[in-house]
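A quick write-up on the structure given underneath.
The values are calculated or read from the model by the stated rules, or taken from the named source; none is laboratory data. Just so it is clear, the model here is predicted, and its values are computed rather than measured. Cβ coordinates were reconstructed from backbone atoms using ideal geometry, including for glycine residues, and neighbour counts include every protein chain displayed. Ligands, DNA and RNA are excluded from the accessible area calculation, which covers all protein heavy atoms including side chains. Shrake-Rupley method; radii C 1.70, N 1.55, O 1.52, S 1.80 Å.
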Amino acid sequence: MTDTEHFDIALIGSGSANSFPGPDLAGRRIVQIDRGVGPDHVFGGTCLNLGCIPTKMFVHTADLAATPAESARFGLTEQLQGVDWPAIRDRVFGRIDPISQGGEEYRSDHEDNANLTLLRGTAAFIGPKTVQVRGHDGSERTISADTFVLGAGSRPVLPPIDGLADAAPHTSDTIMRIDSLPASLAILGSGVIAVEFAHVFASLGVEVTLIARSEKVLRGADADISSRLTDLLAQRVRLESRLSTTSVKRTDAGVELRGRRDGAEVVLEAEELLVAVGRRPNSDLLDVTAAGIDTADDGRVEVDEHQRVLGGGAVLEGVWAFGDLSSAHQLKHVANHEQRIVRHNVLHPEQMRRSDTMPIPSGVFTHPQVAWVGVDEAAARQSGREIRVAVQEYASIAYGWAMEDTTGFVKLVADAETTEILGAHFIGPDATTLVQLLIQAMSTGQTARDIATTQYWIHPAMPELVENALLQLID
């Protein structure tokens with residue numbers, strides 16, 4: 001029987017969890033247990049290594065690659081003369097890998113972490129506040145602690161499709177490190193990850209087929225945004241909508257997918273396959289049920305508004321969770337905020353803060369960009385409130401003329417009487433930047449009436465899109 005080692009705090013994860021240790025916790029013995037992410041179990045979490053940061057570096061490259069195809073409307077003739085995939089890939093990971101490696105070395109060896117023990121391996125609960133850690137080196141250790149902070153994240157899902165696992169498809173964990181660009185790529189999925197990678201690979205000259213079970217892509221967005229993006233993506237990639245994939249097999253030429261649409265069989269072929277149908281929390285790897293921890297139907301660890309973990313519907317004292325492990329919003333900015341809330345509450349239990357006091361925004365770095373915050377039009381109408389909706393096209397503002405943008409728009413949803421901003425939804429250039437104007441207003445309680453006419457809006461600049469939409473709401 002392995003002896004149990006006891007610590008003051010057991011911290012699980014190295015993404016947003018890596019911000020938890022600090023000088024004000026120097027008096028507590030901390031063990032940080034990190035399984036790592038991806039097939040190589042790298043340190044530093046999904047966002048740094050396999051998610052937000054590398055994908056956006058690829059997206060920026062894709063934006064540049066897509067520019068020549070759109071230059072004719074400006075009276076220019078440009079050509080994309082070549083794509084050096086290894087150089088593109090190595091630029092991204094040449095920046096990221098040293099950060100990951102440096103982070104692990106800092107936690108392992110730096111004098112700032114004299115009170116911290118870093119264990120690399122998979123933790124699984126064997127009882128309340130006790131885990132067994134199976135190290136990557138084959139070792140086993142049993143760890144207990146007064147306080148557990150769970151930031152173990154999530155991982156890509158492979159749906160139960162006949163032959164899919166045996167076909168060894170790529171996921172977001174592996175697709176960015178491939179040795180060479182395939183001539184063709186099938187993407188199974190139609191959500192955020194799928195549409196971002198569709199933009200990246202299509203811009204770099206890959207023949208992309210996007211396979212969606214539903215009729216529209218990005219179903220989590222406002223219906224009008226989803227419809228517009230569906231139409232625009234269908235002009236750049238082969239969009240196979242309303243297709244339920246039934247089997248996948250690896251062939252000499254690549255992969256073959258079979259599915260059904262309206263009762264008829266459809267057969268698709270591609271050199272490579274990317275599965276991007278979503279992610280699942282790592283609660284099963286943690287075996288949280290062994291600790292009496294409640295989980296939702298999708299595997300999320302249940303927490304209260306202070307990020308305290310629940311068991312049997314009640315708070316389990318001294319156990320906290322945040323980020324993808326417990327949040328329905330698998331977003332890095334949410335994980336960062338929730339980690340700060342947990343950290344404060346662990347340090348100041350007499351002055352606990354809530355994590356659910358601000359509207360949560362989303363950004364999608366496809367082409368064009370999509371971003372939103374708050375409720376969509378359908379949800380606002382279903383709430384029973386009397387609302388006003390404003391739609392402003394990029395083509396209606398001077399900077400939109402400069403960009404020759406004829407497809408982008410913003411939709412604002414507000415309370416008809418108070419002009420409280422209930423939701424903001426963008427599709428078009430710089431959508432992920434422009435939405436911040438509404439995030440700030442909603443987070444600070446400013447109404448459309450408050451911000452529409454009480455400040456200057458630079459002319460001619462992109463924020464006029466927001467200004468003109470706001471003015472519609474207060475007419």
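Miscellaneous remarks
- Applying the criterion of being assigned to a loop (DSSP other than H, G, I, E, B) and in contact with a His (Cβ under 9 Å, 6 or more places away or on another chain) to the residues of the stretch 335-355, the residue that is farthest from Ser16 (Cα to Cα) is Met352.
- Qualifying residue in the stretch 182-198 (condition: open to solvent by 20 Å² or more (accessible area, probe 1.4 Å), out of contact with any Ser or Thr (no Cβ under 7 Å at 6 or more places or on another chain) and aliphatic (A, V, I, L, M)): yes
- Residue that is under 30 Å from Ala198 (Cβ atoms), touching a Phe, Trp or Tyr at 6+ places or on another chain (Cβ under 8 Å) and of a type in the set (A, V, I, L, M, F, W, C), where the choices are Val42, Val92, Val83: Val92
- Of all residues in the stretch 1-55, those satisfying the criterion of being on the phi > 0 side of the Ramachandran plot and either part of a helix (DSSP H, G or I) or touching a Gly at 6+ places or on another chain (Cβ under 6 Å) (or both) are Gly13, Gly44, Gly45.
- Helices (runs of 4 or more DSSP H) completely within the stretch 396-467 that count 2 or more residues being more than 18 Å from Phe365 (Cβ to Cβ) and touching a residue at least 40 places away in the same chain (Cβ under 8 Å): 398-403, 431-444
- Number of positions in the stretch 75-92 that are out of contact with any Pro (no Cβ under 7 Å at 6 or more places or on another chain), in contact (Cβ under 8 Å) with a residue 24 or more places away in the chain and surrounded by 12 or more Cβ atoms within 10 Å (Cβ to Cβ): 5
- Filtered residues of the stretch 11-69 (kept if over 19 Å from Ala321 (Cα atoms) and of a type in the set (Val, Ile, Thr)): Val42, Ile53, Thr55, Val59, Thr61, Thr67
- Subset of the stretch 306-334 (residues that are in contact with a Pro (Cβ under 9 Å, 6 or more places away or on another chain), farther than 20 Å from Pro156 by Cα and either in a loop (DSSP other than H, G, I, E, B) or open to solvent by 30 Å² or more (accessible area, probe 1.4 Å) (or both)): Leu316
- Where strands (runs of 3 or more DSSP E) fall wholly inside the stretch 105-160, the ranges with 2 or more residues that are in contact with a Gly (Cβ under 7 Å, 6 or more places away or on another chain) are 116-127, 130-135, 140-150.
- For the residues Leu233, Leu285, the requirement of being touching a residue at least 40 places away in the same chain (Cβ under 8 Å) and touching a His at 6+ places or on another chain (Cβ under 9 Å) singles out Leu233.
- Taking the stretch 233-305 as the region of interest, the strands (runs of 3 or more DSSP E) fully inside it that hold 2 or more residues being among the aliphatic types (A, V, I, L, M) and either open to solvent by 20 Å² or more (accessible area, probe 1.4 Å) or at pLDDT 95 or above (or both) are 254-261, 264-270, 272-275.
- Among the residues making up the stretch 27-53, those that are surrounded by 19 or more Cβ atoms within 10 Å (Cβ to Cβ), in contact (Cβ under 8 Å) with a residue 60 or more places away in the chain and out of contact with any Leu (no Cβ under 8 Å at 6 or more places or on another chain) are Gly36, Phe43, Gly44, Gly45, Thr46, Cys47, Leu50, Gly51.
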